[in-house]
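Each remark here refers to the structure printed beneath this line.
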Amino acid sequence: MKQLSQIYPFLLLITMLNGCSSLGYYSQAVSGHLSLMMSGQPVEKVLADDTTPPALRAKLELAQQARTFADQRLALPVGEAFTDYIQLDRSWVVVNLVAVPEFSLEPHRWCYPILGCQAYRGYFRLEDARTEETRFRDRGFDTLIGGVTAYSTLGWFDDPLHTGFIRLTDNRMVALIFHELAHRVVYIANDTAFNESFATAVELEGLRLWLLEQGKPGQFEEALGRLSRRNQTLALVEDFSSQLETLYSRQNSLPDPQLRNHKAALFESLAAAYQELTKEWPEPGPFGPAPVSLNNANLALFRQYNQYVPAFQQMLRDEEYSFPGFYQAVETLSEKPAHQRAEDLTALSERFEEHL
């Protein structure tokens, strides 16, 4: 059954490519993923090898403990995920391209068989992403290419551990495992913000409970500190996004050069505000160390991953931290029309108060 579950989606994808203008993209995606999967070896084998470095051994053992916690405490569908290990020669497994029109905060969406449309496109080769990025830049889009530590196959494949995980700190590795497993619970085609915000909420709440169970209150406070800083950044981003959206709504009344000047001034103000916000922080903020250079793509990506996180945290709280009940509530919400989901999530966000 394991072999079949790996092959079936590959064959299904290929059968839907006839006449597809993006055959080159799908070819690199399929070959890149299969090459990745074939290079792995069982974690148990790595742990049984006397030559395995102690640091790697400790990370792999911790990952297996996180798998057990995810299964037993978070009720996540773990299956055989993260039971293989892959040695990569880079810190990222794929890179994502985000492209947003010059006067908009709505990202371009790439549409795929089965998966629907997503606000980013992943590449196994950086040069392929840069080639596609050039096409969008030539059309005046704001773009961003970012390295991705891990990706989910939504349970179609047994997602592996790899060096991208191992290079993270212990807590961030555990959180990432929770995040990727959460994508197996629910997925809505054409709603990246819903999917990623849900997974991020599971990641954050899972890490909170993990650290409490581990008896590490100091590290829990550190995690809460990072969460607080993320929320402060999100509030800043939402403020400037509102100003930018107001500006972009005037495309029919302002000439493009004037729009560009106002846009540049707003982004300069945002960069300055971010630098002021983060100057006393113990570590760089979500956009990295200041000074930063930001554009529509940076904001669109950050909002996609964080927009509804408080709403999902409130849903979990409403379910008294019963994860099966929470997942059922999320599944029910996912079946509503997009506009109703957005309204419900906004209302939930307004009710949420952080653990701090």
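Restricting attention to the stretch 297-356, and to residues there that are exposed (fewer than 13 other Cβ atoms within 10 Å of the Cβ) and of a type in the set (A, V, I, L, M), which single residue is farthest from ARG109 (Cα to Cα)?
Checking each candidate, the answer is LEU356.
Mind checking whether some residue in the stretch 97-104 is at positive phi, in contact with an Asp or Glu (Cβ under 8 Å, 6 or more places away or on another chain), at pLDDT 95 or above and not assigned by TED's automatic domain parsing to the domain that holds THR246?
No, there is no match, as no residue in the stretch 97-104 is at positive phi, in contact with an Asp or Glu (Cβ under 8 Å, 6 or more places away or on another chain), at pLDDT 95 or above and not assigned by TED's automatic domain parsing to the domain that holds THR246.
Can you tell me which residue among SER241, SER228 is in a helix (DSSP H, G or I), among the hydroxyl-bearing types (Ser, Thr, Tyr) and at pLDDT 95 or above?
Details: SER228 fails: at pLDDT 95 or above.
Sole residue among the options that is in a helix (DSSP H, G or I), among the hydroxyl-bearing types (Ser, Thr, Tyr) and at pLDDT 95 or above: SER241.
Working carefully through the options ALA63, ALA58, find the one that is among the small types (Gly, Ala, Ser) and under 30 Å from LEU144 (Cβ atoms).
ALA63
Can you give me the number of residues within the stretch 172-193 that are of a type outside the set (A, V, I, L, M), buried (at least 20 other Cβ atoms within 10 Å of the Cβ) and assigned to a helix (DSSP H, G or I)?
4
Keeping to the stretch 200-212, report how many residues are in contact (Cβ under 8 Å) with a residue 40 or more places away in the chain and crowded, with 19+ Cβ neighbours inside 10 Å. Spell out how you get there, then give the answer.
To start, the set of residues in the stretch 200-212 that are in contact (Cβ under 8 Å) with a residue 40 or more places away in the chain comprises 200-202, 204-206, 208-211.
When the remaining residues are screened for being crowded, with 19+ Cβ neighbours inside 10 Å, the result is 200-202, 204-206, 210-211.
Qualifying residue count for the region: 8.
When only residues in the stretch 283-296 that are assigned to a loop (DSSP other than H, G, I, E, B) and polar (S, T, N, Q) count, which is surrounded by the most Cβ atoms within 10 Å (Cβ to Cβ)?
Of everything passing the filter in the stretch 283-296, ASN295 is surrounded by the most Cβ atoms within 10 Å (Cβ to Cβ).
Tally time: how many residues in the stretch 179-210 are among the polar types (S, T, N, Q) and at pLDDT 85 or above?
3
Going through the stretch 59-87 one residue at a time, which ones are small (Gly, Ala, Ser), more than 12 Å from VAL43 (Cα to Cα) and not in a loop (DSSP other than H, G, I, E, B)?
Once the filter is applied, which keeps residues that are small (Gly, Ala, Ser), more than 12 Å from VAL43 (Cα to Cα) and not in a loop (DSSP other than H, G, I, E, B), the stretch 59-87 yields ALA66, ALA70.
Taking the conditions exactly as written (part of a loop (DSSP other than H, G, I, E, B), on the phi < 0 side of the Ramachandran plot and surrounded by fewer than 19 Cβ atoms within 10 Å (Cβ to Cβ)), does GLU132 satisfy them or not?
No, not satisfied.
Being surrounded by fewer than 18 Cβ atoms within 10 Å (Cβ to Cβ), touching a Ser or Thr at 6+ places or on another chain (Cβ under 8 Å), outside the structural domain of ARG260 (by TED's automatic domain parsing) and not hydroxyl-bearing (Ser, Thr, Tyr), is that true of even one residue in the stretch 159-166?
no
Would you mind finding the one in GLU213, GLU221 that is modelled with pLDDT under 85, over 30 Å from GLN87 (Cβ atoms) and of a type in the set (Asp, Glu)?
After applying the criteria, what remains is GLU221.
Every residue in the stretch 135-161 that is farther than 12 Å from VAL93 by Cβ, at pLDDT 85 or above and assigned to a loop (DSSP other than H, G, I, E, B), please.
ARG139, GLY140, PHE141
Out of (1) in contact with a helix residue (DSSP H, G or I) (Cβ under 9 Å, 6 or more places away or on another chain); (2) surrounded by fewer than 17 Cβ atoms within 10 Å (Cβ to Cβ); (3) of a type outside the set (Asp, Glu); (4) over 30 Å from THR332 (Cβ atoms), the odd one out for GLY215 is which?
If we test GLY215 against (1) in contact with a helix residue (DSSP H, G or I) (Cβ under 9 Å, 6 or more places away or on another chain); (2) surrounded by fewer than 17 Cβ atoms within 10 Å (Cβ to Cβ); (3) of a type outside the set (Asp, Glu); (4) over 30 Å from THR332 (Cβ atoms), just (1) comes out false.
Give the stretch 213-243 a look and list any residue that's free of Cβ contacts under 8 Å to residues at least 24 places away in the same chain and of a type in the set (Phe, Trp, Tyr), or say none.
Matches in the stretch 213-243: PHE220 only.
Mind checking which pairs have a first residue in the stretch 24-43 that is more than 22 Å from THR131 (Cβ to Cβ) and a second that is hydrophobic (A, V, I, L, M, F, W, C) and modelled with pLDDT of 70 or more, Cβ under 7 Å, 6 or more apart or different chains?
Final answer for the pair search is MET37/PHE157; SER39/ILE86; GLY40/ILE86; VAL43/LEU60; VAL43/LEU161.
The values are calculated or read from the model by the stated rules, or taken from the named source; none is laboratory data. Just so it is clear, the model here is predicted, and its values are computed rather than measured. Note that we place each Cβ from the backbone using ideal geometry, even for glycine, and neighbour counts take in every protein chain shown.
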